[in-house]
Amino acid sequence: MPDRKRKLTEMQPPADPRVGSSEIEPETLSSVEQLFEEIDVDQPQVGIIMGSKNDKPKMQPAGAALEEAGITFEVRVMSAHRDPALVVDYCSNARLRGLKVIIAGAGMSAALPGVAAAHTDLPVIGVPILGKSLGGLDALLSAVQMPPGVPVACVAIDGAKNAGVLAARILGIQNCARHARALPPARHGRGLD
């Protein structure tokens, strides 16, 4: 059997002279970043946050909807009133950690969705949770009455399942857009080659 090992001097130089050089064009870097975005890892894509551990039963349908769609998620309890610094830190760093959507559930004054939206550029879905008074209307109005530039998508009172479904749809749109960007530009005015 012939020896398949080759000496380093016998190896052909790379076809692209830029390979191995430190000069990388921005387009190449962008395509590398796109490839890394497409790597399937087990990091969560959706963060489910709630103001109290008592909200967990009401928020579980969001996780169930995400699991059904095959989307990874994490669950955290944090209060916009009792520990605002934790909420700010979580939401400010969410994108860096790979999250793509945040679902925020809270009852009564329901500041959590708005505080989350104020500290991230990710889509935030508010889930107003039925409280002991006002039939959940207080939580609903707190989530939907946001000032311009601080958007919160809002589902029905105790509508955590729809929040999970909406998050899955948002991720589906993001995935389609990312794949569309990877395609070569269309050649207008020509038929199919």
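Computed from the coordinates by the stated procedures, all read-outs in this text should not be read as laboratory data. In this text the structure is predicted, and so the values were computed from the model without any measurement. Using ideal geometry, Cβ is built from the backbone for each residue, glycine included, and neighbour counts are taken over all protein chains shown.
For residue 140, the shell of other residues with beta-carbons less than 14 Å away shows a net charge of -1, using +1 for Lys and Arg and -1 for Asp and Glu. Here, region 46-158 yields an orientationally averaged convex hull projection of 6.4 nm² when only Cα atoms define the hull.
Neighbours of residue 157 by Cβ distance under 11 Å: Lys/Arg scored +1, Asp/Glu scored -1, total -1.
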